[in-house]
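The structure under discussion appears below in the form of structure tokens.
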């Protein structure tokens, strides 16, 4: 983690002055901006691919049918499969923050914690919904981890993780603003480095809330449908 973060620290030392204009809306230098992006990405990457990987492992071990045959609700099973990933991503974020403070001298004195935690919660819910949709492909097609991986790379490239979306050409911005991570990173940077209240990041929070609600509803219905199809054709016991 230190080596990964350190790479961007020295990129900032070399080229940081050239990013000033694009970074003005976020109140920090290039490294501070990227540190928030890679910390959030630990949640995004895990939320996207974790469930598909778990389901695929259960398929290969022949235990998926037994798990899904228990009296537990599908939503409880999905939530339980994501708990460890959530704890791991939370630890990653804490370590990135500590490294930023004690190793790279990043200041977090202006953090509006309520705004940041609200953005973080909406981000996690949104990407759990997307991750559940990729898990549907795992149930039906015995695949899906590659879909999650490709979507994760798309979020890395277009979502503003390593550079602001404003530097992209207009036709890529169209795609970028269709991804929830774009709004997550913009709002998180403002909450952390500019002490932005919820009112000041209202636009991003509303869009993230719409993503969270719609993706959760769609993903749960889709997973229920995929599960019924898998049971109907007896695919749960096959890998």
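The values are calculated or read from the model by the stated rules, or taken from the named source; none is laboratory data. On a predicted model such as this, the values are computed, not experimentally measured, just so you know. For neighbour counting, all protein chains shown are included, and Cβ atoms are generated from backbone atoms with ideal geometry for every residue, glycine included.
So that you can scan it fast, the table gives a plain yes or no per residue for (1) in contact with a strand residue (DSSP E or B) (Cβ under 6 Å, 6 or more places away or on another chain); (2) touching a residue at least 60 places away in the same chain (Cβ under 8 Å); (3) closer than 24 Å to residue 50 by Cβ:
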| residue | (1), (2), (3) |
| --- | --- |
| 146 | no, no, yes |
| 161 | no, yes, yes |
| 167 | no, yes, no |
| 179 | no, no, yes |
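Checking each residue in segment 64-115 for being in a loop (DSSP other than H, G, I, E, B) and closer than 28 Å to residue 51 by Cα picks out 69, 70, 71, 72, 73. Beta carbons closer than 6 Å, at least 6 apart along the sequence or on distinct chains, pair a first residue in segment 91-106 that is touching a residue at least 60 places away in the same chain (Cβ under 8 Å) with a second that is buried (at least 17 other Cβ atoms within 10 Å of the Cβ) and not in a helix (DSSP H, G or I) for 100/106. Of all residues in segment 199-239, exactly one satisfies the criterion of being in contact with a helix residue (DSSP H, G or I) (Cβ under 6 Å, 6 or more places away or on another chain), modelled with pLDDT under 95, buried (at least 16 other Cβ atoms within 10 Å of the Cβ) and not in a helix (DSSP H, G or I), namely 236. Among the candidates 77, 53, single out the residue that is over 18 Å from the mean Cα position of the chain (by Cα) and closer than 25 Å to residue 152 by Cα. Every option except 77 fails the conditions. Could you tell me whether any residue of segment 93-104 is under 26 Å from residue 59 (Cβ atoms) and surrounded by 14 or more Cβ atoms within 10 Å (Cβ to Cβ)? The answer is no; no qualifying residue exists. Within segment 211-226, residues that are under 16 Å from residue 178 (Cβ atoms) have Cβ atoms under 6 Å from residues that are modelled with pLDDT of 90 or more and part of a helix (DSSP H, G or I) in these pairs: 211/126; 211/180; 212/122; 212/125; 212/126; 215/126, counting only partners at least 6 apart in sequence or on another chain. Candidates are the residues of segment 149-175 that are in contact with a helix residue (DSSP H, G or I) (Cβ under 8 Å, 6 or more places away or on another chain) and not in a helix (DSSP H, G or I); the one that is surrounded by the most Cβ atoms within 10 Å (Cβ to Cβ) is 160.
Hey, any hits in segment 176-183 for a residue that's more than 18 Å from the chain's Cα centre (by Cα) and surrounded by 20 or more Cβ atoms within 10 Å (Cβ to Cβ)? It would help to see each step written out before you state the result.
Keep residues of segment 176-183 that are more than 18 Å from the chain's Cα centre (by Cα), which gives none.
Checked segment 176-183: no residue is more than 18 Å from the chain's Cα centre (by Cα) and surrounded by 20 or more Cβ atoms within 10 Å (Cβ to Cβ).
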